[in-house]
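Working notes, structure below.
Laboratory data are not the source of any read-out in this text; all were calculated from the coordinates shown. If you're wondering where the values come from, they're calculated on a predicted model, not measured in any experiment. A quick note on method: Cβ atoms are made from the backbone with ideal geometry, for glycine too, and the neighbour counts reach across all protein chains shown.
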Amino acid sequence: MTAPPEDFGFGRPFDRAGTGSSKWARAAGTPGAAGAVIPMGLADMDLPGPPAVARALAQRARHRAFGYTVCDPSGRSLVARWYRERHGVTVDPAWVMLLPFGPRTAVRLLLEAVRPAGPVLFPTPEWGGFAQLCRAAGLPYEEVPLERDGTGYRLPVAGLAPRGGGAVLLSSPHNPSGRVWTGAEVRALAGAVAEAGAVLVSDEVHGDLTHPGHRHPVAVAVAGPYRERTVTLNSVGKTFNTSGLPSCFALVPDGALRERLTAVTAGFGFWEGGLLEQEVQQAALRHGGPWLDALLAHLASARDRLTGLLGDAVLSAPEASYLLWVDAAALGLPPAGARAALLERCGLEASDGADFGPGGRGALRLDYALPGPVLEAVLERLARLR
């Protein structure tokens with residue numbers, strides 16, 4: 001007889017009070033005409049994390065030495081095993097860089113290491129951090145409108161082809177819509193980037209959150225002969241809700257680029273490894289699979305209920321992660337002030353679509369990684385708009 005799946009508590013109340021949660025601290029200080037504000041703007045799960053991670057942290061804390069640490073080389077093979085078992089792709093452990101900071105910092109340092117000669121290209125709408133990082137680095141950038149068909153967004157490969165040896169930044173799966181790019185799209189983009197002498201940086205922090213029935217294309221794997229000009233970034237932070245202990249891993253097939261990234265990283269005072277970062281990462285990758293499977297079932301159920309309620313207001317059907325990208329006007333909200341109107345009418349805080357570039361104006365992003373009782377409250381409030 002098959003044992004019943006473990007209950008990780010996703011359907012029960014879960015209170016983050018007193019934990020320093022940035023999203024709930026902001027909500028506590030935001031008046032909402034519709035009652036207590038439910039924050040849905042930050043991509044951060046309000047769900048209990050993997051028990052294995054909590055156990056690993058508690059065990060390490062019992063040893064009261066917290067000094068400098070070296071990088072555990074077995075972590076590279078662990079990452080490679082995760083990709084083999086979870087995604088069915090081969091990753092050479094030599095490609096893996098175990099970094100003690102989050103993916104945002106990794107993108108910034110990669111831009112330093114790549115030294116793009118031309119403008120940095122990325123789609124719009126797209127995660128607003130790319131534009132911020134380019135501005136911080138003093139690099140010119142161009143935002144290329146995404147194509148959209150009856151089911152959602154498509155990559156405009158021709159429009160994203162670099163000119164003059166630049167770089168292309170991509171969130172894969174797509175942030176803000178949760179769209180899973182196809183392997184053919186990513187391979188075609190990798191080829192266009194390589195032929196231009198540029199580098200594709202694929203930010204895949206939502207890749208392990210691909211919903212049942214969909215397959216995430218790991219860029220360095222589907223790029224084939226173009227992988228030397230391709231970098232994949234990933235992290236246990238989004239997957240296992242451990243972003244408060246920032247870490248990430250970069251898959252960099254090009255040895256020369258790995259050397260440059262290592263030198264740039266050291267120049268900013270960082271080295272591979274990290275004390276608690278390694279504890280969290282290894283516990284999650286070794287033991288977090290059953291928790292992740294249960295999470296994905298919970299997210300898919302929440303997605304179906306929300307998209308069923310909101311219908312054609314959903315701009316692109318979510319296929320990964322926990323992000324819902326909606327058209328404000330289709331919800332009866334004023335496009336220019338949709339975020340404030342949703343807060344006023346429903347007590348729900350969302351991300352303003354304008355934060356995702358020119359292609360995001362008039363849209364809202366909602367995070368639905370919520371425990372059962374909070375999800376029910378959200379559905380009841382959103383029903384007021386239909």
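Lys/Arg Cβ at +1, Asp/Glu Cβ at -1, dipole of the chain taken about the Cα centre: which of ALA161, PHE14, ALA65 is farthest positive-ward?
Most positive-ward Cα: ALA65.
Given axes a ≥ b ≥ c from the Cα gyration tensor, I'd like to know whether segment 248-290 is rounded (a/c under 1.5), prolate (a/b larger than b/c) or oblate.
oblate
Can you compute the modelled spin-label distance between HIS287 and GLU147, with each label point 7 Å from Cα toward Cβ, in nm?
4.7
Compute the label zone of LEU275 within segment 204-246: residues whose backbone N is under 20 Å from the point 7 Å along Cα-to-Cβ.
Backbone N within reach: 242-246.
Given H placed 1.01 Å from N in the peptide plane, which residues other than close sequence neighbours of TYR141 have an amide H under 5 Å from its amide H?
Under 5 Å from the amide H of TYR141: VAL120.
Placing +1 at every Lys and Arg Cβ and -1 at every Asp and Glu Cβ, with all other atoms neutral, what dipole size does segment 277-386 have around its Cα centre, in debye to the nearest 20?
The calculation lands at about 320 debye.
Roughly how many nanometres apart are two label points built 7 Å out from the Cα toward the Cβ at ARG81 and LEU309?
That separation, rounded to one decimal, is 4.1 nm.
How long is the gain from ALA54 to GLU195 if the chain were fully straight, where each residue apart is worth 0.36 nm and the alpha carbon distance is subtracted?
Gain on stretching ALA54 to GLU195: 46.2 nm.
At 4 °C and a viscosity of 1.567 mPa s, what translational diffusion coefficient does Stokes-Einstein give for segment 160-223, taking Rh as the Kirkwood radius over Cα pairs? Give it in µm²/s as a whole number.
After rounding, the answer is 108 µm²/s.
In segment 212-300, how does Rg compare with the Kirkwood Rh, expressed as the Rg/Rh ratio over alpha carbon atoms?
So for segment 212-300, dividing Rg by the Kirkwood Rh gives 1.02.
With N residues in segment 235-381, what two-decimal value do you get for its Cα radius of gyration over 2.2 N^0.38 Å?
My calculation over the Cα atoms of segment 235-381 gives 1.32.
Quick one: grab Rg to one decimal and Dmax as a whole number for segment 50-182, Cα atoms only, in Å.
Gyration radius and largest Cα-Cα distance of segment 50-182: 18.8, 57 Å.
Considering only ALA302, ALA43, ALA54, give the residue with the highest GNM mean-square fluctuation for the chain, with springs between Cα atoms whenever their separation is below 10 Å.
ALA54
Rounded to the nearest 20 Debye, what is the dipole magnitude of the chain about its Cα centre when Lys and Arg each give +1 and Asp and Glu each give -1 at the C-beta?
400
Out of ALA284, ALA131, ALA117, any idea which swings most in a Gaussian network model of the chain, alpha carbons joined below 10 Å?
Taking springs between Cα atoms under 10 Å, the residue moving most is ALA117.
Convert each backbone phi in segment 240-246 into a coupling constant with the Karplus relation 6.51 cos²θ - 1.76 cosθ + 1.60 (shift: θ = phi - 60°), then list the ³J(HN,Hα) values in order as whole Hz, x for Gly and Pro.
10, 6, 10, 5, x, 10, x
Expressed as a whole number of Å, what is the distance separating the alpha-carbon centroids of segment 153-205 and segment 327-386?
28
What Rg and what Dmax come out for the chain when only alpha-carbon atoms are used, in angstroms?
20.5, 61
Just going by the charge dipole of the chain, with Lys and Arg at +1 and Asp and Glu at -1 on Cβ, which of ALA313, PRO116, HIS174 is farthest out on the positive end?
Value: PRO116.
Quick one: length gained pulling ALA266 to ARG12 fully straight, 0.36 nm per residue minus the C-alpha distance?
Taking 0.36 nm per residue and subtracting the Cα distance, the gain is 87.0 nm.
Would you please put 328-334, 15-21, 64-70 in order of how densely packed they are, using the mean number of other Cβ atoms within 10 angstrom per residue and starting with the highest?
328-334, 15-21, 64-70
Measure off 7 Å from each Cα along the Cα-to-Cβ vector at ARG26 and GLU344, then give the distance between these two points in nanometres to one decimal.
A separation of 2.0 nm, rounded to one decimal place.
Taking only Cα atoms of segment 304-386, what ratio of Rg to Rh do you get with Rh as the Kirkwood inverse-distance radius?
Taking Rh as the inverse mean 1/r over Cα pairs, Rg/Rh reads 0.92.
May I ask you to derive the relative contact order of the chain, considering only C-alpha pairs under 8 Å and at least 6 residues apart, and to give it as an integer percent?
Once divided by the residue count of the chain, the mean separation gives 25 percent.
To the nearest 20 debye, what charge dipole does segment 65-218 have about its Cα centre, counting +1 at the Cβ of each Lys and Arg and -1 at the Cβ of each Asp and Glu?
120
So what's the net charge close to SER171: Lys and Arg +1, Asp and Glu -1, counting the other residues with Cβ under 10 Å from its Cβ?
Residues close to SER171 contribute a combined charge of -2.
Express the relative contact order of segment 1-160 as a whole percentage, based on alpha carbon pairs under 8 Å and six or more residues apart in sequence.
Here the relative contact order equals 12 percent.
May I ask you to evaluate 6.51 cos²θ - 1.76 cosθ + 1.60, the Karplus curve with θ = phi - 60°, for each residue of segment 96-105 and list the ³J(HN,Hα) values in order in whole Hz, giving x for glycine and proline?
Taking θ as phi minus 60°, the curve returns 7, 10, 9, 10, x, 8, x, x, 4, 5 Hz for segment 96-105.
What does DSSP give for segment 99-231 in terms of the percent of beta bridges that are antiparallel, rounded to the nearest 5?
10
Choose one of GLY372, LEU299, ALA340: the residue whose Cα lies farthest towards the positive end of the charge dipole of segment 267-373 (beta-carbon charges +1 Lys, Arg; -1 Asp, Glu; about the Cα centre).
ALA340
Ordered by residue, what ³J(HN,Hα) values in Hz, to whole numbers, does segment 106-122 give under the Karplus form 6.51 cos²θ - 1.76 cosθ + 1.60, where θ = phi - 60° and Gly and Pro are x?
4, 4, 4, 6, 5, 4, 5, 6, 6, 6, x, 7, x, x, 7, 10, 7
Using Cα pairs closer than 8 Å and at least 6 residues apart in sequence, work out the relative contact order for segment 122-245, in percent.
RCO, segment 122-245: 21 percent.
For GLU147, enumerate residues with amide H under 5 Å from its amide H, sequence gap 5+ or separate chain, H modeled in the peptide plane.
Amide H to amide H, under 5 Å and 5 or more residues apart or across chains, GLU147 pairs with ARG154.
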